[in-house]
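The values are calculated or read from the model by the stated rules, or taken from the named source; none is laboratory data. Since this is a predicted model, take the numbers as computed values, not measurements. Glycine also receives a Cβ, built like all others from the backbone with ideal geometry; neighbour counts cover every protein chain displayed. With ligands, DNA and RNA removed, areas are computed over all heavy atoms of the protein, side chains included. Shrake-Rupley method; radii C 1.70, N 1.55, O 1.52, S 1.80 Å.
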Amino acid sequence: MDSEHWRAVITAAQAGDRRALDELVAGWLPLVYNIVGRALNGHADVDDVVQETMLRAVGNLGSLRDPDSFRSWLVAIAMRQIRDRARRRTPDRLEEAPASDFADLTVLRLQLEGQRREVAEAVRWLDDEDRQLLSLWWLEVAGELTRRELAAAVGITRQHAAVRVQRMKERLETSRGIVRALDGACPGLRELTGRWDGRPDSVWRKRLARHIRGCGYCGGTRGTVVPAERLLVGIALVPLPVGFTLSLAFGGKTAVAATSAATSVGWSAKLLGALTKPAVAVTAGATIAAGGAYVVTQPPDAPPPRAAIAPTATATSEPPRTFAPPAPTPTPSPSATQKADPYGTVVDAVDRAPDPDTRPAALPRRPESGITSTGGPKAVMQHRGDRVTLTGRGYVLVRWQISPRSRPGALVMPSWTGLKGRLFHVASGGGRRMDDPLPGAPNGYATGMGGPDIGYAVLPPGTQQMWQNEYFYLDGTVTLTQNERGCDYGLIVFPTNRDAVVEDIDQGPPQGALRYGLVRDTGTDSAPVPQYVTRETPADPATVPQRSRV
């Protein structure tokens, strides 16, 4: 990075220049994300630690005396937040699995192959302390940090840093050997790993390393091994993933905005445009999610949200043309003609994807007083049985993350149980359906549901194809349960509001998305209810029938 340019930007931001602050945060966020993401290996806390790092940096920018030391100062803040997070972990959280493995993300996003892929995957086998150091050394080798900055961030001398790095490299090379051996076909290794649960840790690293040292088969697979530092030189920063979230405003003010008592606005639209694709509008207290979704959690006594501008065009009355891959034509629910109890008589049926250039219809306005969630502002549900209970009156976003590379196959749908009140399916967004083609995807992937090389996530017969973001309106209380048993998938559940829904579904192809969103809300009690919803609370939520009655 041009040091003279950044010196000017930092100085202007310290003086209160809003554009300079925008540029500063947008320019340095990827570096912080890579440090934190690699140090925590993609744990669910990554976005929280990145958020806290950036907020602390902005809040204390005025205390930075030398703009030339900004990078080392920012990295030191990130490392402190990483260590603070480690100290705050309670025993019951020590075994939490990563929300999205950063090794996989690195390989996928940068399309790494061969020994570069091997190095990225070996990171899983390092202890937390080594992984934290690696997150800095990786960037030093790639030319993003200096050794002086690395040592300062860790809080040790350069001489001590050299010793620590060397020891970490030795364990990294051991881990590379494990990754290489596990890709092989050694019968002795298969027998040894029969008792292994598949989760890398220091105990199994030592066991597998001991086997490799004494095994002629595994030891003979080394060939020509390129040193890790030579492999890392040309690797760029991992870009922010679509599912990444960043809370950008506390109390409605940033450090710059707080200098003016007359303003309560958070980050500017230009900054949001740099951080999230597509950009979205933001009010105080908003949490931005890359990919077009954001959250505003309102207390019960909060004023109603500001009016959103309805789309200027609506969906045409003609049947939409199919966008690959093709899907069956819509099938109305058998109960759609019942009139005695209109609520709950319409369920989602198989539908065709709309024309990618068809803008969504206007979203009806429903009363909002805010949603509370037992999972907080962001509930991450990665495993069978994970659940979240939602209460209140307002909108909810359920974001789909399907991992067919980990495990394709039959997809057991999540279920909504114990409903008290009303629950409607109001819109679909996120820029794509999960079965849309993925432009520029690496080998093996064809759509978000998988591909011919890795297999597909398969929906139950007659099930609505999900979009990346599915929006619901709740007036009451309900529990959503993740029922994963076949295909590997996860759900992220956010309380949100109508403005957020409109912003998401109206971000179409001109902004880089695959398609516009789709409005499903009729504005009446005949709006569709989600599949697998019931007022009952079964012992096994996965047994809720597709066309369950509410």
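Among the trypsin sites (Lys or Arg not before Pro) in region 466-550, those located in a DSSP loop and surrounded by at most 13 other Cβ atoms within 10 Å of their own Cβ are R485. Volume per residue of the convex hull around the Cα atoms, evaluated for region 409-481, comes out as 102 Å³. Packing around the peptides 57-70, 402-415, 468-481, taken as the average count of other Cβ atoms within 10 Å per residue, puts them in this order, highest first: 468-481, 402-415, 57-70. For K169, the aspartates and glutamates whose Cα comes closer than 18 Å to its Cα, not counting residues fewer than 8 places off in the same chain, are E118, E121, D127, D128, E129, D130, E140, D201, E229. Computing the accessible area with a 1.4 Å probe over protein heavy atoms, can you report the carbon and sulfur percentage for region 407-497? In region 407-497, the share of accessible area belonging to carbon and sulfur is 57 percent. Accessible area per residue for region 415-480, computed on protein heavy atoms with a 1.4 Å probe, is 29 Å².
Placing T417, T146 in order of accessible area, with the largest value first and a 1.4 Å probe, yields T146, T417. The convex hull defined by the C-alpha atoms of region 142-221 has an orientation-averaged projected area of 6.9 nm². An ellipsoid equivalent to region 424-550, defined through the eigenvalues of its Cα gyration tensor, has semi-axes of 26, 22, 12 Å when rounded to whole angstrom and sorted largest first.
In region 480-535, the alpha-carbon atoms span a convex hull of 149 Å³ per residue. The Cα center of region 128-204 and the Cα center of region 455-508 differ in position by 37 Å.
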